[in-house]
Amino acid sequence: MSTQTIQDQPQTIDLPSAEEKEDRFQFTAHQIIQPKTTYTGARIDPPHVGLPKVTQSLCPECTKLIDALVFEEDGKVMMEKTCPEHGYVKDVCYSDAKMYLKMERWHFGDNRGVSNPAIPSATRCPEQCGLCSMHTSHTGLANVDLTNRCNLTCPVCFANANASGYLYEPSLEHVRTMLQALRNERPVACRVVQFSGGEPTLHPRFLEILRMAAEMGFSHLQAATNGIKFLDLDFAMAAKEAGLHTLYLQFDGVCDDIYKRTRGESLYEQKLKVIENCRKASLKICFVPTIVKGLNDHQIGDIIKLAIENVDCTSAISFQPVTFTGRIAKREREAKRFTMTDVARCVEEQTGLANRYEDWFPLSCVTPFSKLLSAIKGEETTQLTSHPHCSIGTYLFVSEDRKEAVPITRFVDIGAMLQTVDTISRETNRATFKFFTKIKVWQSLQKYFKPEYAPKGLTFPKFLQTLQGMTDKKYGRGGKDGTFTYRTLMVAGMHFMDSYNYDVERVKRCIIHYAAPNGLIYPFCAYNSGPTFREMIEKKYSVPFKKNGSH
């Protein structure tokens, strides 16, 4: 593991305890270890917590860096800012201030970025990207756009050749350059890549790219797809053989009326056939619904129910509230704006499966397990140190007969368990972590397991096996027989930012990155909004495109 100079020694920060007495398992006051600098010496300011607070944002029109006030109003979290040239703007960040504040209590400190940033002496975020020396995370999930062509013309899409007028479709060598940049990250090389677009399966060398990525050491390959190519079972089988593991399947609802409005045509029966073909090909599926307020938010519960019915091959749902590109009138933003706290509310109201205040947590709360794994191995491993307001979710444990789905927070005292694991990770190194110590650690976690709340058939040993399956692809979801792990469904989402709710604190901690043909790596919300590096990259590496597909 890397050494730290005296001035780089981490600082200890006390986080407040929860005040909500109705919590089944309260998250008590705890300390976090917060690094002072990135690997290359840039200062790391911890995320600002509480309300009100001041952060840095962007003007939606000129993208100039300006201060913004984040505050509570009528139970919501609002952001307001004033550009000297373009005036005042105000928008919603979170629809529920109580959930917003609770997410901050699940924070376990930042990472230190990469030790070999492409932009080594950056001073301005988000202008100087690559990754830069100011970035505090490494890549948790990489996106590699293979094309901006698509076999659909979706009104909600932000990246397609028909709209842009040019064709962006990197060559095999350009794709190799992008993948190599991800594998070259230090001290943690990227291991999970998602091929996206456009529709990535339209790239003429898609299967060859999958094989190349597997050979380069990526352990988990995904495709963000509308699923149309997977209507062909032979193609699904070939993709699996080439190394594809998971479909991030565009899935906006459970009726054709929704698809006609979001995707321009009837697709629901095709989605069901894709699920069946993935089952036959032993591919996993993550449903990816784009949620627009007043359009399909009423079907959130039905999407979850369908995922539970198909939990043998559907492992997750990633809800993505719509983001706005370009100038959007205030009235239209207010009518369509939908945040992740709205998702949690709809899940509770439409399914009764998860309480929005008890059962949801930020993605970054899993970092204690990654720290412990790093301590055991004696080297850095992937840590999902995103900002606590970037993503929230819960894990449902689904019984074999699929009649019972229980959030993990109902039967595990998550807060106390994470604090214990975080403490152990700081006190452990590879030399002292003998096998009997490992057994003792796992046994020490048993006191946080509440069997009276667990779903049928879930014992503590089976729970530990399931945790192992979540982090070790060798075990995965237990194979077809399901004997090793208990079946789980991750219900989560990430609200990607637009220029109206942009927060530089979040960009610096982004773990979802885009690799580009120029060999640089960009945070998701800098690539697609704010500076919008996507436009610069695609125009540089593209050719003119006609709507008939010629170029």
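Computed from the coordinates by the stated procedures, all read-outs in this text should not be read as laboratory data. All values reported here derive from a predicted model rather than from experimental measurement. Here Cβ is always computed from backbone atoms with ideal geometry, including for glycine, and neighbour counts include all displayed protein chains.
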Calculated [θ] (222 nm, deg cm²/dmol) that DSSP helices of n ≥ 4 give over the chain, each run adding -39,500 (n - 2.57)
-8500 deg cm²/dmol
So the FRET efficiency between residue 535 and residue 403, C-beta based with R0 = 51 Å and rounded to 0.05, is 0.55
R0 of 60 Å, Cβ-Cβ distance residue 293-residue 180: FRET efficiency to nearest 0.05
0.90
Can you order the peptides 379-385, 107-113 by their average number of other Cβ atoms within 10 Å per residue, highest first?
107-113, 379-385
Segment 355-425 and segment 246-280: distance between their alpha carbon centers, rounded to Å:
30
Cross-link pairs beyond the 32 Å C-alpha cut-off, checked among 76/377; 102/462; 64/260; 36/462; 240/440; 462/508
76/377; 64/260; 36/462; 240/440; 462/508
For the chain, with the dipole built from +1 on Lys and Arg beta-carbon atoms and -1 on Asp and Glu ones, taken about the Cα centre, which of 463, 500, 441 lies farthest toward the positive end?
441
At residue 265 and residue 450, where each label point lies 7 Å from the Cα along Cα→Cβ, what is the point-to-point distance in nanometres?
5.0
Expected output is a single nm value to one decimal: the length gained when fully extending between residue 302 and residue 189, i.e. 0.36 nm times separation in residues minus the C-alpha distance. What is it?
36.9 nm
Selection from 387, 129, 325, by position along the positive dipole direction of the chain (Cβ):
129
What is the spin-label model distance, in nm, from residue 53 to residue 173 if the labels are put 7 Å beyond Cα along the C-beta direction?
4.7
How do 135, 389, 203, 298 rank when sorted from fewest to most other Cβ atoms within 10 Å of their own Cβ?
298, 203, 389, 135
So, with +1 on the Cβ of K and R and -1 on the Cβ of D and E, and no other charges, what is the size of the charge dipole of the chain about its Cα centre, to the nearest 20 debye?
1060
What FRET efficiency, computed as 1/(1 + (r/R0)^6) with R0 = 51 Å and r the Cβ-Cβ distance, is obtained for residue 257 and residue 115, rounded to the nearest 0.05?
0.50
Burial-style ranking of 449-460, 53-64, average other-beta-carbon count within 10 Å with highest first, yields 53-64, 449-460
Identify which of the listed values of semi-axes √(5λ) of the Cα gyration tensor in Å was calculated from the structure shown: (1) 37, 30, 23; (2) 32, 29, 26; (3) 38, 26, 25.
(2)
